[in-house]
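The values are calculated or read from the model by the stated rules, or taken from the named source; none is laboratory data. The shown structure was predicted, so the numbers you read here are calculated from the model rather than taken from an experiment. Every residue, glycine as well, gets a Cβ built from its backbone with ideal geometry; the counts of neighbours run over all protein chains shown. Heavy atoms of the whole protein, side chains included, go into the accessibility calculation; ligands, DNA and RNA do not. Shrake-Rupley method; radii C 1.70, N 1.55, O 1.52, S 1.80 Å.
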Amino acid sequence: MTLMMASRMVAARSFGVVSHLSSMQSPTPLSVRQLSMDAKGFASRLVDAGLLRSQALIGGKWSDAYDGKTIEVHNPATGDVITTVPCMGQNETNDAISAAYNAFSSWSKVTSVERSKCLRKWYDLLISHKEELGQLITLEQGKPLQEAMGEVTYGAGFIEFFAEEAKRVYGDIIPSPLADRRLLVLKQPVGVVGAITPWNFPLAMITRKVGPALACGCTVVIKPSELTPLTALAAAELALQAGIPPGVVNVVMGNASAIGDALLASPQVRKITFTGSTAVGKKLMAGAAGTVKKVSLELGGNAPCIVFDDADLDVAVKGTLGAKFRNTGQTCVCANRIMVQEGIYEKFVDAFSKAVQKFQVGHGFSEGVTQGPLINEAAVQKVESFVKDATSKGAKVVLGAKRHSLGMTFYEPTVLSDVKSDMIIAREEVFGPVAPVLRFKTEDDALRMANDTNAGLAAYIFTNSVQRSWRVAEALEYGLVGVNEGLISTEVAPFGGVKQSGLGREGSKYGMDEYLEIKYVCLGNMNSK
Ligand code: ADP
């Protein structure tokens, strides 16, 4: 079947069901209905480009669930069903694992130069389809199109970076303590990798794992979030087009715990890499013990963003806006507690709120929009409950603190002042467009407040003192620290947390180690001729 014919079949399946709005929700406002028509235009263009895939990928073959079950994928801005994807479980996952296991024996033996070329080709295809992939991300995840295209550049960057790193998996030679021996260290791929990813970066969270895995010679079974599987499938389609052999990249989705359990139970899966909630991460870590797998976890944060009296106000406001409101506050490195020293507190809240007021909330495809919808109703309800707890305990609403008039899952960009450390919003990730501003007196107070959490992913500080930058960056119990900068993620630097925010690092040369085993080889009897 030609690609075009396959695409047409997908098209026929894609638009059967139009809306999933339940009677509990308010009727769709006219503007949102209009936008849903635009979204359909984007969807049909994606079909024409062969990038709206609605089947899983097992061993190079596009596959339905064995029992034919499906799940709907929704546009969070409108509630419309974009398409359905297979609702898979243990059987399909086991077949995907077998396909990855079989492919491993050949992919791991392909030269690093060849693997590098395949990855480079994949990168080129991701970039040449940047617009379509960006549209797909906006369609299923909701982020504004410009930001979605930024994710494609960022996400593809991991494939480019690891295409280069593929050629640099060096071993070692150790000076031998015995004259007749030679001691070598080889680095070899761990084997089949189970990669479980969340919905907030439908592309980048996958490429960040799959790039280094493939570069090292591993093969993968990807389980994207059921909320955003379409970008993963489009990326997998492009991987096939790039000449990455069948079975090297597999994608299954459906029943998350059944798929997760199958990955954990299989002795053929040698590594689990996960980005998502701390609760699920802990379950996976415990489950991996049964077969002693390697585990990398990138879990929740509770990022402090500390603005000292000696900060440049404009720099602090700009940096905090980026750190807080990127992806409508839905990232694990989003500033969760904005801690401002008392001398600059009022000025900061004033300037920051004025900037937040200028944000344009709306459908991600609309020109000028900077804040999209939240991913689903549960996310809005969580935000509402955190805001209610804070205001009931004395936090003041400077801006927002309510659902947006667009309806659906749109929430107004919100600034709360007089927030205290014991409020839920300062203890747990709000994962939404709410900026809680706390007050502190001294640097010691700030450090105590910042480190008083089980999380340890990202932290941000704003100060014009070089000495303070070093001192505070060193004292923060976090894996990532931004100094006078709110956007710090890049494929060339190591990303990951300490404490209960996770294990391992992604991106950079350190990201390769997660997919490699060290093997020591001792050559004996080396003096004989
Ligand atoms: P979030 O709250 O960000 O959605 P989750 O941890 O629930 O975070 O989800 C992240 C990923 O983990 C998703 O792909 C989800 O389907 C998957 N997931 C959730 N529960 C399990 C589980 N028990 N086993 C394996 N994967 C799971």
Whole-Hz couplings from phi, Karplus 6.51/-1.76/1.60, listed for region 101-110; x for Gly and Pro: 5, 5, 5, 4, 4, 8, 4, 5, 9, 4
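Where the only charges are on Cβ atoms (+1 Lys, Arg; -1 Asp, Glu), what is the dipole of region 321-444 about its Cα centre, to the nearest 20 debye?
140
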Using just the C-alpha positions of region 338-425 as equal point scatterers, what log10 of I(q)/I(0) does the Debye formula give at each q in 0.22 1/Å? -1.14
Whose amide H sits under 5 Å from the amide H of MET88, counting only residues 5 or more places off or on another chain, with H placed in the peptide plane? MET253, GLY254, ASN255
Hey, what's the per residue convex hull volume over the C-alpha atoms of region 159-312, in cubic angstrom? 216
Pull out a ≥ b ≥ c, the square roots of the eigenvalues of the alpha-carbon gyration tensor of the chain, then state rounded if a/c is under 1.5, prolate if not and a/b is larger than b/c, and oblate in the remaining case. oblate
With +1 on the Cβ of every Lys and Arg and -1 on the Cβ of every Asp and Glu, and nothing else charged, how large is the dipole of region 261-408 about its Cα centre, in debye rounded to the nearest 20? 620
Find the eigenvalues of the gyration tensor of the Cα atoms of region 476-526, then list the square roots of 5 times those eigenvalues as equivalent ellipsoid semi-axes, largest first, in whole angstrom. 34, 13, 9
If exposed chymotrypsin sites (Phe, Trp or Tyr not before Pro) are those in a DSSP loop with at most 16 other Cβ within 10 Å, what is the longest stretch of the chain that has none? 171-529
Using a 1.4 Å probe and ignoring any ligands, DNA or RNA, find the accessible area of THR442 and quote it in Å² to the nearest 10. 70
List the trypsin sites (Lys or Arg not before Pro) in region 173-217 that DSSP assigns to loop (not H, G, I, E or B) and whose Cβ has at most 15 other Cβ atoms within 10 Å. Which are they? ARG181
Rounded, prolate or oblate: pick one for region 397-513, where a ≥ b ≥ c are the square roots of the eigenvalues of its C-alpha gyration tensor, a/c under 1.5 means rounded, and failing that, prolate if a/b is larger than b/c, else oblate. oblate
Distance violations [Cα-Cα > 27 Å] among LYS354/LYS388; LYS69/LYS130; LYS61/LYS519: LYS69/LYS130; LYS61/LYS519
For region 141-210, the Kirkwood Rh over every pair of distinct alpha carbons, in Å, works out to 15.4
Quick calc, region 210-343, dipole around Cα centre from Cβ unit charges on Lys, Arg (+) and Asp, Glu (-), nearest 20 debye, gives 640
Among PHE352, TYR520, SER44, which residue has its Cα positioned farthest towards the positive end of the charge dipole of the chain, with +1 placed on the Cβ of Lys and Arg, -1 on the Cβ of Asp and Glu, and the dipole taken about the Cα centre? TYR520
In region 88-197, if the dipole is taken from +1 on Lys/Arg beta carbons and -1 on Asp/Glu beta carbons about the Cα centre, which of LEU186, GLN141, HIS129 is farthest to the positive end? LEU186
Three-way shape call for region 429-480 based on the alpha-carbon gyration tensor, with the a/c threshold at 1.5: prolate
Note, ³J(HN,Hα) from phi for region 181-198, Karplus 6.51, -1.76, 1.60, rounded to Hz, x at Gly and Pro: 10, 10, 10, 10, 10, 10, 10, 10, x, 5, x, 6, 10, x, 10, 10, 10, x
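With the contact rule set at Cα under 8 Å and sequence spacing of 6 or more, what percent relative contact order holds for the chain?
Working: 1212 pairs, mean separation 89.0, N = 529.
Answer for the chain is 17 percent.
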Region 489-505 - phi-based ³J(HN,Hα) in whole Hz, Karplus 6.51/-1.76/1.60, Gly and Pro as x: 6, 7, 5, 8, 10, x, 10, x, x, 10, 6, 7, 8, x, 9, x, 10
Under 18 Å from the Cα of LYS283 - aspartates and glutamates, other chains or at least 8 residues apart: ASP261, GLU298
What does the accessible area per residue of the chain come to in Å², with a 1.4 Å probe and no ligands, DNA or RNA counted? 40
What is the set of long-range amide H partners of TYR411 at a cut-off below 5 Å, with H atoms built 1.01 Å from backbone N? LEU374, HIS404
Once the Cβ-Cβ distance between GLN360 and GLU384 is put in as r, and R0 is 22 Å, what FRET efficiency do you end up with, to the nearest 0.05? 0.50
Projected convex hull area of region 189-240, Cα atoms, direction-averaged, in nm², equals 3.2
Non-local amide H neighbours of GLY482 (under 5 Å, H modeled in plane, Pro and chain starts lacking H): which ones? ALA459, TYR460, ILE461
From DSSP H assignment alone, runs of 4+ in the chain each adding -39500 (n - 2.57), the sum over residues rounded to the nearest 500 puts [θ] at 222 nm at -13000 deg cm²/dmol
To the nearest Å, what is the center-to-center distance of region 217-290 and region 347-417, using C-alpha atoms only? 33
Share of accessible surface on carbon and sulfur in region 110-169, whole %, 1.4 Å probe and ligands ignored, is 52
